[in-house]
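First comes the structure, then the notes that go with it.
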Amino acid sequence: MRIVQFGADLTPDGLDQKLLLRSDGTAVLYDAGSGDCVDRHKEFNFDKNIYVVEMNKNYHFQVLKALSKEWVIAGADGLIHFSYGMD
């Protein structure tokens, strides 16, 4: 992964490029999600952070985990996404 201005190039991880910061300075969902991981890890000191969310969020959680690992966010290795739903 390569962090670029206002975004991240996740193509080496088999993903795509992601915008992380809008021109008005507000963070995009992935940045906020990583912050959520940090807050949960501080509060609960977990080994595994399990999200059970519908399958249309699979890609979102792949990106969230890749960014969290790159930023060396505590608990990133324990982030697990179980999906449910129908194809």
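Here the extension length gained between Y84 and F46 equals 11.4 nm, from 0.36 nm per residue of separation less the Cα-Cα distance. Rounded to whole numbers, the Karplus 3J(HN,Hα) couplings from phi for the range 39-47 are 4, 5, 5, 4, 6, 10, 6, 6, 8 Hz, using 6.51 cos²θ - 1.76 cosθ + 1.60 with θ = phi - 60°, and x at Gly and Pro.
Counting only protein heavy atoms and a 1.4 Å probe, the range 48-87 has 63 square angstrom of accessible area per residue.
In this structure, the amide hydrogen of H81, modeled 1.01 Å from its nitrogen in the peptide plane, lies closer than 5 angstrom to those of Y51, counting only residues at least 5 positions away or on a different chain.
The values are calculated or read from the model by the stated rules, or taken from the named source; none is laboratory data. This one's a predicted model, so the numbers in the text were calculated from it and none came from an experiment. Accessible surface is based on the protein model in full, side chains and every heavy atom, while ligands, DNA and RNA are left aside. Shrake-Rupley method; radii C 1.70, N 1.55, O 1.52, S 1.80 Å.
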